[in-house]
Amino acid sequence: MPANSRHQAKRSPSQGRRAGLRLRRLARALVRPERRKPRRPKGYPRPDRTGLRRWLPSWRHLLRITLLGLACLVGLACYAYHETKIPTDLKAFATQQNNVYFWADGTEMARTGDINREDIPLSQIPQGVQWAALAAENETFYSDQGVNLQGMLRAVYNMATGGGTQGGSTITQQYVKNAYLNQRQTISRKLTEIFMSVKLDRKLSKQQILEGYLNTSWFGRGGFGIERAAQAYYGEDVSQLDPSQGAFLAALLKGAGLYDPAISPANHQRAVDRWNWILDRMVEIGKLSPAERATYTTFPEPQAPPKQVGLSGQTGYLVGMARQYVTSRTGITDAQFDLGGYQIYTTFEKPAENALTAAVQAASGRLKADDQLRVGAASVATDGRVLAVYGGPDYLKQGYDNANSAIVQAGSAFTPFVYAAGLGQGVQRQVDGGRTPVSPSTTYNGDDQAPMQTAEGPYWDRNGKIVKGVNDGGRSFGTITLQEAVAQSANSPMEQLGLDVGLDRVRQTATSLGLLPDSMGPQVPAFSLGNSTPSAVRMADAYGTFAAGGMHTDPYSVLRITRNGSGVGLDRPTATRVLSPQVAQHVDAALTEAVQHGTGQGARLPDRPVAGKTGTTRDNTAGWFVGYSGKVSTAVAVFRLDARSVQTLPLDGQGDPAKSAAATAFPEDVWSSYEKDLPAG
């Protein structure tokens with residue numbers, strides 16, 4: 001071979017190494033082929049998995065889904081933020097309107113709510129008042145971005161999971177929420193509130209936001225805005241208020257229904273506690289000196305709430321009852337209601353209201369009464385409609401509603417409920433024995449001072465004495481049937497019947513007939529004789545169940561609601577069977593006997609049958625007559641009340657009617673006079 005050919009065939013060392021490496025790899029492949037890991041087949045369900053894992057996505061899928069979901073949420077949030085518009089004038093949303101109440105026939109009964117709201121510049125609100133509100137609601141107002149991220153996420157999560165709705169936690173969010181008081185609190189509204197708050201914080205100065213917030217916030221007593229609040233609670237312009245008074249007004253921002261001291265003693269205590277907390281908080285954030293704080297040791301008591309002129313006479317009681325029903329049976333808050341624009345169509349019938357008022361006034365003129373004598377009356381249809389109430393002489397003079405209060409013992413007017421429980425559930429006189437049915441003809445010991453027995457033996461009081469039944473006037477009836485015991489108001493048999501039935505069962509029967517659980521008295525033998533304190537409205541409604549054959553409907557005072565012409569959802573009670581027709585018929589027969597030949601003869605009417613029952617209490621603090629004719633049931637109560645202690649007083653004594661006449665004759669007189677002016681049936 002030529003020398004130059006050998007030179008050309010000669011390879012470099014690096015080329016030789018690479019060639020050798022390739023040869024070695026080829027040899028290994030021939031001897032032992034490389035085991036490559038096969039690719040996992042794609043698809044869903046996952047074909048390379050079994051059981052539950054076959055249906056679970058891989059982490060790659062989860063990551064892709066998560067990223068895609070986040071991208072969609074961000075996109076939706078950006079779109080929603082872009083589309084959220086700030087109204088030209090947020091304050092326009094809080095412009096108040098009248099609420100109009102109508103009689104059952106559709107004619108106007110009353111208007112409430114002022115249509116003026118006085119805005120005031122922030123410069124006229126003292127710094128101490130401003131910082132009281134900020135200390136109470138949002139101390140970081142001047143440094144935040146209009147929203148509280150943690151509070152925002154918590155509110156949205158609670159609503160999404162069925163929890164309670166929460167308001168905005170910053171002043172800006174609350175200002176926006178004030179503008180949307182007429183809208184439902186939903187997730188979509190909450191998100192709109194958040195986006196608008198962010199935009200508002202960028203568009204307006206903090207001073208403008210705070211000014212708008214204080215001028216549109218609800219402070220109770222029917223009004224919006226801090227200037228109206230200053231007038232309503234202190235009778236002064238807000239510019240004249242000191243930090244102590246401002247701290248009280250700031251407490252109302254948390255809920256005037258809970259912190260207005262005029263509403264209840266519990267409210268007063270809450271107001272004092274929060275007032276102290278706000279002042280202390282102002283010291284902590286450096287907006288009130290400790291020395292000035294030390295001068296505010298006495299709670300700045302606000303003045304009594306003013307009464308609206310249009311609510312004189314009985315109208316104020318009717319409006320108050322209807323409003324209470326609206327706020328308890330709809331989603332309308334007190335703040336929304338005060339914003340106004342609602343039309344409330346009530347169940348009250350003007351002829352019935354006039355007749356009831358005239359009957360009470362005529363009967364009261366025949367009494368030797370003092371300032372502590374009170375009368376409460378209510379007329380309720382058997383389908384639950386409240387037709388008329390007498391709450392007092394004049395709402396503007398006495399705001400306390402005698403017809404809807406739960407402070408007066410029912411006395412022996414409660415015994416028909418005991419009778420109904422016995423007829424419906426029987427009695428148990430032995431510990432190990434079964435329950436035995438009773439009927440109207442079942443006899444009991446009707447003697448005065450009859451010892452009370454339980455299934456375990458005599459009933460002993462705390463003093464170690466056997467409890468004995470006490471009949472009015474010490475009268476003994478001997479052996480008497482249950483129907484006669486109801487008709488003649490024999491206490492001993494009814495007290496014993498309650499023990500035989502079981503006081504818990506009697507209580508259950510009474511509440512099923514419409515008496516409120518909170519009005520029930522202690523379960524001692526006297527429970528059967530009416531130590532409970534139901535209102536006249538509830539007593540009339542409960543007796544109406546007997547007239548309705550055992551069907552009961554809770555009392556209601558509003559037929560429908562509209563707002564600016566659009567219907568508003570209203571929860572109306574429905575009729576339910578609580579007594580068998582036979583039991584209701586037996587009770588009706590006993591109550592009819594009571595009016596024809598028993599203690600209620602003063603309520604007889606010449607042209608129609610009447611069923612009813614008188615009611616007296618052991619301490620003579622109240623007298624009742626509750627009865628019905630046709631489809632209308634009416635309760636009348638007379639009692640004496642110490643206005644300061646809100647405690648009932650005996651009817652006998654200083655300047656009052658005769659003991660027996662006040663407790664029996666007066667309620668019967670009112671009842672019969674009223675019924676005579678109503679059409680039969």
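Couple of notes before you dig in:
- Mean accessible surface per residue for the stretch 542-628, computed with a 1.4 Å probe while every protein chain stays in place, in Å²: 39
- In a reduced charge model with +1 at each Lys and Arg Cβ and -1 at each Asp and Glu Cβ, the stretch 378-482 shows a dipole moment near 80 debye about its Cα centre.
- Cβ-derived FRET efficiency at R0 30 Å, residue 143 paired with residue 66, nearest 0.05: 0.35
- Placing unit charges on the Cβ atoms only, positive for Lys and Arg and negative for Asp and Glu, gives the stretch 336-433 a dipole magnitude near 280 debye about its Cα centre.
- Put a dot 7 Å past the Cα of residue 240, heading toward its Cβ, do the same for residue 206, and the two dots end up 3.1 nm apart.
- For the stretch 284-298 versus the stretch 222-262, the inter-centroid distance based on Cα atoms is 19 Å.
- Backbone N within the stretch 370-396 under 15 Å of label point (7 Å from residue 111 Cα along the Cβ vector): none
- Highest-first arrangement of 254-266, 333-345, where packing means the average Cβ count within 10 Å: 333-345, 254-266
- Put a plus charge on the Cβ of each Lys and Arg, a minus charge on the Cβ of each Asp and Glu, and nothing anywhere else: the dipole of the stretch 204-328 about its Cα centre is then about 380 debye.
- Distance between the modelled labels on residue 396 and residue 574, one decimal in nanometres: 4.4 nm (7 Å Cα→Cβ projection).
The values are calculated or read from the model by the stated rules, or taken from the named source; none is laboratory data. This is a predicted model, so every value here is computed, not measured. We place every Cβ from the backbone using ideal geometry, glycine too, and count neighbours over all the protein chains shown. Ligands, DNA and RNA are excluded from the accessible area calculation, which covers all protein heavy atoms including side chains. Shrake-Rupley method; radii C 1.70, N 1.55, O 1.52, S 1.80 Å.
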